[in-house]
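Only one structure is covered here, and it is reproduced in the block below.
The values are calculated or read from the model by the stated rules, or taken from the named source; none is laboratory data. Computed from a predicted structure; not experimentally measured. When we count neighbours, we look across all protein chains shown, and the Cβ atoms used for this are built from the backbone with ideal geometry, even at glycine. Quick note on the areas: whole protein, heavy atoms, side chains included, nothing else; ligands and nucleic acids left out. Shrake-Rupley method; radii C 1.70, N 1.55, O 1.52, S 1.80 Å.
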Amino acid sequence: VNMSIAILPMSSEYNWDPATVGLIQSSFFWGYLLTQIAGGIWADTVGGKLVLTFGVAWWSIATALTPVAAKLGLPFLLVVRAFMGIGEGVAMPAMNNLLSKWVPVAERSRSLALVYSGMYLGSVTGLAFSPLLIHKFGWPSVFYSFGSLGTVWVALWLSKAQSSPLEDPDIRPEEKRLILKNSVSKEPVKTIPWKLILSKAPVWALIVSHFCHNWGTFILLTWMPTYYNQVLKFNLTESGLFCVLPWLTMAFSANLGGWIADTLVSKGYSVTTVRKIMQTIGFLGPAFFLTQLSHVNSPALAVLCMACSQGTDAFSQSGLYSNHQDIAPRYSGVLLGLSNTAGVLAGVFGTAATGYILQHGSWDDVFKVSVGLYLVGTVVWNLFSTGEKIID
């Protein structure tokens, strides 16, 4: 997120064309791609606490090294961005593993939405403060300041967190009983049944849907400030501040969606029905609002369309993102790693393809591709997904 803002002054300083900017933006995903499945296996076998500690420490160091790498040259910058992705790649599988250990099924959508909305609020913070830091201290300050914050988090995390209720000395006995009674088998995973996992249609529905979903999400994440700057003619500070609105909307609507999903489950609706409803909103909402962008002629309405697109997108937290724990609770980290690998491939191709499309076409073409993939995802998800446990 910091890079999506800092890339504007960086590209003018180093004379990068749109294709190079697309390459730099996508280099993060090369590393992110490498550690998705590895992070899931690691979290399911050694526990989420250690994996998340490694991830945050690693990506914080890589963030702080970014300005040094940029000065050394483009290859160094690409490597450091890929390194940052390696650290971030383990985060979501580790978080999924932790939640599957700590949260009963009836609270799953809400807890996942709450944790993931932290990522949206992180995006808000990055987008709001990066322009201010750039104006006052220059673009390198963005990477130094946010990189150093990770070390503070690691110190707190190591002293407070545990991988499961069984390892927590401070938890009350009745709370431990409640969690263990309503959660999955607690034996550590020794082997991963890859053949069984990959033979299930709902697993493939998850993988394909994750790809279709992330194509649109990652393009907006990495290119939105550029769109605001080039098309809507906002300056750097305005681009950052207006980019905040969609992320705030996502933080709010993810929690709203989580509350709605858990309420529907507690009222007796099947988990399958709830997941299908929530993910359909997560696909068709963004598709509708992106199609409206080409008909909009005021910057205010364009920002509103973006906010509504991202806001409905966040209902996916109660759709596909909650589904890993439904269908294979013991292997939820591995499964998230698997589907998020497909999601990251969408980030790699989508971010780089956007740079290419913009050199040869228009923003309308960029949005049309996203809308097409949202529609494919809707069909696949509704035909093949389930909320039932299919792998024990």
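Some notes on this structure:
- Within region 67-119, the set of residues being among the β-branched types (Val, Ile, Thr) and part of a helix (DSSP H, G or I) comprises VAL68, VAL79, VAL80, ILE86, VAL105, VAL115.
- Assessment of region 382-390 against the conditions (of a type in the set (Asp, Glu), over 20 Å from ASP313 (Cα atoms), assigned to a loop (DSSP other than H, G, I, E, B) and touching a Lys or Arg at 6+ places or on another chain (Cβ under 9 Å)) yields no matching residue.
- Within region 1-37, the only residue that satisfies the criterion of being of a type in the set (Gly, Ala, Ser), touching a Gly at 6+ places or on another chain (Cβ under 7 Å) and surrounded by fewer than 22 Cβ atoms within 10 Å (Cβ to Cβ) is ALA19.
- Qualifying residue in region 181-192 (condition: in contact with a helix residue (DSSP H, G or I) (Cβ under 8 Å, 6 or more places away or on another chain), free of Cβ contacts under 8 Å to residues at least 40 places away in the same chain, of a type in the set (S, T, N, Q) and surrounded by 15 or more Cβ atoms within 10 Å (Cβ to Cβ)): no
- Hits in region 319-369 (condition: of a type in the set (Ser, Thr, Tyr), over 16 Å from the mean Cα position of the chain (by Cα) and under 20 Å from LEU23 (Cβ atoms)): THR354, TYR356
- Any hit, region 92-111, residues being crowded, with 21+ Cβ neighbours inside 10 Å, closer than 26 Å to GLN162 by Cα and free of Cβ contacts under 8 Å to residues at least 60 places away in the same chain: yes
- Candidate set from region 309-368 (those that are part of a loop (DSSP other than H, G, I, E, B) and touching a helix residue (DSSP H, G or I) at 6+ places or on another chain (Cβ under 8 Å)); member that is modelled with the highest pLDDT: GLY319
- From ALA70, ALA106, ALA113, ALA64, residue being of a type outside the set (Val, Ile, Thr), within 22 Å of ALA254 (Cβ to Cβ) and more than 15 Å from the chain's Cα centre (by Cα): ALA106
- Of all residues making up region 285-308, the number that are buried (at least 16 other Cβ atoms within 10 Å of the Cβ) and touching a residue at least 60 places away in the same chain (Cβ under 8 Å): 9
- Check on PRO225, touching a Leu at 6+ places or on another chain (Cβ under 6 Å), more than 21 Å from LEU50 (Cα to Cα) and in a helix (DSSP H, G or I): no
- Every pair of residues 6+ apart whose Cβ atoms lie under 7 Å, when the first sits in region 244-267 and is at pLDDT 90 or above while the second is among the aromatic types (Phe, Trp, Tyr) and outside any helix (DSSP H, G or I): none
- Whichever residue in region 114-136 is at pLDDT 85 or above and more than 22 Å from PHE242 (Cβ to Cβ) and, among such residues, is least open to solvent (accessible area, probe 1.4 Å): VAL115
- Conditions (1) touching a residue at least 40 places away in the same chain (Cβ under 8 Å); (2) of a type outside the set (Val, Ile, Thr); (3) on the phi > 0 side of the Ramachandran plot; number of the one not met by GLY39: (3)
- Selection within region 142-153 - touching a residue at least 12 places away in the same chain (Cβ under 8 Å) and either farther than 30 Å from LEU8 by Cβ or open to solvent by 80 Å² or more (accessible area, probe 1.4 Å) (or both): TYR144, LEU149, THR151, TRP153
- Checking TYR269, TYR228 one by one, the residue that is open to solvent by less than 10 Å² (accessible area, probe 1.4 Å) and over 16 Å from the mean Cα position of the chain (by Cα) is TYR228 and no other.
- For region 245-266, filtered to residues that are crowded, with 21+ Cβ neighbours inside 10 Å and of a type in the set (Val, Ile, Thr), the residue that is farthest from VAL105 (Cα to Cα) is THR249.
- Region 272-284, subset open to solvent by 10 Å² or more (accessible area, probe 1.4 Å) and of a type in the set (A, V, I, L, M, F, W, C), residue farthest from PRO246 (Cα to Cα): ILE277
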